[in-house]
Amino acid sequence: MTEEPRVSVIVPAYNEGENILAVLDRLFESVRLACEVLVVVDTAEDTTIAVTEEYAVKEPRLVTVINTYGRGPANAIRFGIENAKAPVAVVTMADGCDDARQIDELARLVERGVAVAAASRYMPGGQQVGGPVIKAAMSKFAGRSLRTFAHVGTRDATNSFKAYSTEFVREVGIDSRDGFEIGIELTAKAKRLRRPVAEIPTIWLDRQAGVSNFKVAKWVPSYVRWYRFAFGGTLTADQVRQRSAKKNKNRES
């Protein structure tokens with residue numbers, strides 16, 4: 001009988017091909033909790049699929065799923081969390097920048113009662129090694145100012161490497177449709193609902209193979225939207241969803 005997963009690890013991927021092999025090796029070597037790993041791609045032609053399907057022959061906890069919500073990392077993450085079987089979902093990147101050894105620790109924080117557990121580059125003991133300087137500076141400013149002035153519970157709201165209560169995510173919904181701003185979106189929503197957020201230090205290493213798909217200029221407006229949202233007063237989950245429905249309706253019209 002297969003053990004029910006305690007954590008669903010969501011890995012959005014875009015044409016990673018064999019670059020994902022080292023990431024999967026580290027992930028399955030590191031995670032000790034009962035888990036499922038969902039590699040989420042946008043199309044059946046993605047070069048990641050052949051590699052992950054072959055890998056799954058020896059590792060049944062690995063599942064490759066094709067996102068039906070639309071292209072892009074936000075939709076892939078949204079689709080992955082929506083299809084997660086575990087009560088905890090951890091989002092980690094396919095580029096190997098995140099420390100897979102911390103997945104268990106993040107998941108256990110959610111099991112203890114937090115809505116969002118963040119891996120923080122900007123708290124004592126954390127570090128960012130490499131990566132674009134401007135992107136890093138913007139991220140650090142956003143994270144520290146949100147922690148200081150909006151009291152969001154983490155110094156690294158923009159980092160995608162986070163664990164979430166799947167119950168919380170399904171309660172408030174995910175509005176992001178374009179980039180990697182889900183991290184700041186769900187942190188801001190947790191703050192507005194007065195749900196607990198916790199953080200642990202992490203060391204982020206810039207990817208060693210392949211090319212980053214992060215588009216700073218295109219996605220900054222979405223980050224700014226959620227940055228501003230974090231400073232508001234307390235809301236209920238219904239109020240959050242009503243606001244989301246209104247914004248999504250306006251976007252589609």
Check your understanding: If Asp25 passes every condition in (1) more than 23 Å from Thr166 (Cα to Cα); (2) in contact (Cβ under 8 Å) with a residue 24 or more places away in the chain but one, which one does it miss?
Key -> (2)
Review point. Can you tell me how many residues in the range 160-178 are under 11 Å from the mean Cα position of the chain (by Cα) and part of a loop (DSSP other than H, G, I, E, B)?
Key: 2
Check your understanding: If you go through the range 156-164 one residue at a time, do you hit one that is buried (at least 17 other Cβ atoms within 10 Å of the Cβ), over 21 Å from Ala94 (Cβ atoms), among the charged types (D, E, K, R) and at pLDDT 95 or above?
Key -> no
Revision key, fill the gap. Filtering the range 181-211 for residues that are part of a loop (DSSP other than H, G, I, E, B), crowded, with 24+ Cβ neighbours inside 10 Å and at pLDDT 95 or above leaves a count of 1
Check your understanding: Here are Ser165, Ser145, Ser176: which of them is closer than 19 Å to Glu111 by Cα and polar (S, T, N, Q)?
Key -> Ser165
Check your understanding: Could you say whether any residue in the range 108-123 is outside any helix (DSSP H, G or I), basic (Lys, Arg) and buried (at least 20 other Cβ atoms within 10 Å of the Cβ)?
Key -> yes
Check your understanding: Looking at Arg243, is it more than 22 Å from Gly126 (Cα to Cα), modelled with pLDDT under 75 and over 21 Å from the mean Cα position of the chain (by Cα)?
Key -> no
Check your understanding: Quick check: anything in the range 135-145 at pLDDT 95 or above, surrounded by fewer than 18 Cβ atoms within 10 Å (Cβ to Cβ), hydroxyl-bearing (Ser, Thr, Tyr) and out of contact with any Pro (no Cβ under 6 Å at 6 or more places or on another chain)?
Key -> yes
Practice item. Pick out, from the range 1-83, the strands (runs of 3 or more DSSP E) lying fully within it that include 2 or more residues that are within 19 Å of Arg170 (Cβ to Cβ). Key: 7-12, 35-41
Revision key, fill the gap. Only one of (1) farther than 12 Å from Lys162 by Cβ; (2) part of a helix (DSSP H, G or I); (3) in contact with a strand residue (DSSP E or B) (Cβ under 8 Å, 6 or more places away or on another chain) does not apply to Ile134, and that is (3)
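The values are calculated or read from the model by the stated rules, or taken from the named source; none is laboratory data. Everything numeric in this text was worked out from a predicted model, so none of it was measured. FYI the Cβ positions are ideal-geometry reconstructions off the backbone, even for glycines, and counts take in every protein chain you see.
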